[in-house]
Structures are given as C-alpha cells and as structure tokens.
C-alpha cells in the first residue's frame, strides 16, 4: 500500500486535466539519529530560546519573526503580514513548457516526487500526458505551490507514473567562477592523460545504486547495538594522511599496476575455486578435442 500522499490536486496540460497525488520519492527515516540527553537520568533535553545579549529565556508570547538588516538591527514582521504575501495554493500543476532533458543543469535539481493518478476517473488523461512526454522525449516544466511557496517542477515519465523534481531558482545556485577561476591550467603531457585514461578504463562500470553502502551509517548501528548490549567499543586510531604526491607520473603508473595486480588476483581466485577449476577443465578438454580428432584422422 502506498504511503499517505504529500499533496493532491490536478495536473493540467492545456485543456487536459487529471487528478493526481504527489508522494516524496526519498526518505531519511532509516538514518540513525541521536538526541541530547541528561547523563544522570537518561531523559531527553528540551531546548529553550535565549536572548543572545541578555541571556534571558524568552517565553512564547515574546517571540516574533524578524529580518536582520545589519548586526544588532532587525525589522519585525507580523504573522498577518507574512500571511498576506503567501501564495494561495491552487492545487494545480500547470504545465508551461517542454524542454530537452539535457538542457537542465543538474545543479538546479532539488527534490524528487512520484506523481500518480488519483482514482480511476483521471487515468486516461494521466496516461495521455505521460505517453506524450515519452514520445517527444522532453521534460515538462510546470508550477506548483508547496507549503505556501511556488516551485518550478520538472516532470518526466517513470515506469507507469511520472517523476516530478522541484528545481532551484537561479539565486539559490552559486556561480562556479567564484571557485574555479583561481585553478591553474598547467601543461600536462599526453602520456599522463593517456595513463589516467587507462586507469579510468579499468574502473569502467554501470550505474547500480544497489551497490551503494553507507559505511558510516552501518558503523553507527553497530556502535549503538554494542552499547545497548553492554559490550566494549574499540576506538580505532585515525589513519595517517598520505603525503603530497611528488611525481605524478609515478603515482599514475603505480595506480595502474595496483589495479592490474588486483585483477590478476581476482582471476586467480576464480580459477582456483571449484567452479573455476571445472570451467578450466572443460575449456582445456575442448581445446584438446580438435587435436585428438586430427591425430585419429
């Protein structure tokens, strides 16, 4: 059973409209989370709002929303004033345009959602929009209001449904030139580039998220289990950081040599395994058969 919908409304393409449901496509509930506790009682601690200058605890009726103009000077904004500028939700995902997927800068991708039809009545219209997107090989750009703020959302087919990804606004994306302009462009020999290319070839693979392992999360779970069972926790000394690379060419060659040795060791393990020995004998027998046949002739 699908979880409770995060948003429900309509998906609109010109005069074609269908009721849809929006579900968050990601979750963080499985992550290990810690709370601040009292060491003596084990009870959780509550945070209090404190005046940064006087140190006095501020009660609920004294709290207000404010925008800091400069250090020590803020303008207070009333709740009613904020509500006046909030966008009223129309509960409609209104498609504005269709763009090639490769034109969307990955830095603008923000949060993914699954979009599914709401009930049987709108399935036909939903499928029409979904399959039209497949045929055109384009991504729909639409507007949606979530938590009283308008977002741009990119919509594309995903299996039987649609994937909607909210996009960041330009003011939320930092300019790369601030970070890259000071990077030097030293003259690198062609041999180095080719050697690095060989290393890349040895690590060629396909995208498979099932192989992703959160080692830190696993270590946290192990730590909590051991503590809960009253077992000792071994503190591992941090590894020393390697010194700076002096000779880049030597480092590249060592990397390639190390990868080659690892591949040979892996192949050796496969050959010496029961399945590997059987396959080796079969191949050897197949190789000898033509020779025996010629000798018999």
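Where a number appears in this text, it was derived from the coordinates with a stated rule and is not lab data. Quantities reported herein were computed from a predicted structural model and do not represent experimental measurements. Virtual Cβ from ideal backbone geometry, glycine too; neighbours counted across all protein chains shown.
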Legend entry - Distance between modelled label sites at residue 176 and residue 214, nm, 7 Å Cα→Cβ extension: 2.9 nm
Legend entry - Cβ-based exposure ranking for 180, 207, 98, in which fewest neighbours within 10 Å come first: 207, 180, 98
Legend entry - Distance between modelled label sites at residue 107 and residue 17, nm, 7 Å Cα→Cβ extension: 3.8 nm
Inset, instruction - Measure off 7 Å from each Cα along the Cα-to-Cβ vector at residue 134 and residue 198, then give the distance between these two points in nanometres to one decimal. - result: 4.6 nm
Legend entry - Relative exposure of 227, 213, judged by other C-beta atoms within 10 Å (fewest first): 213, 227
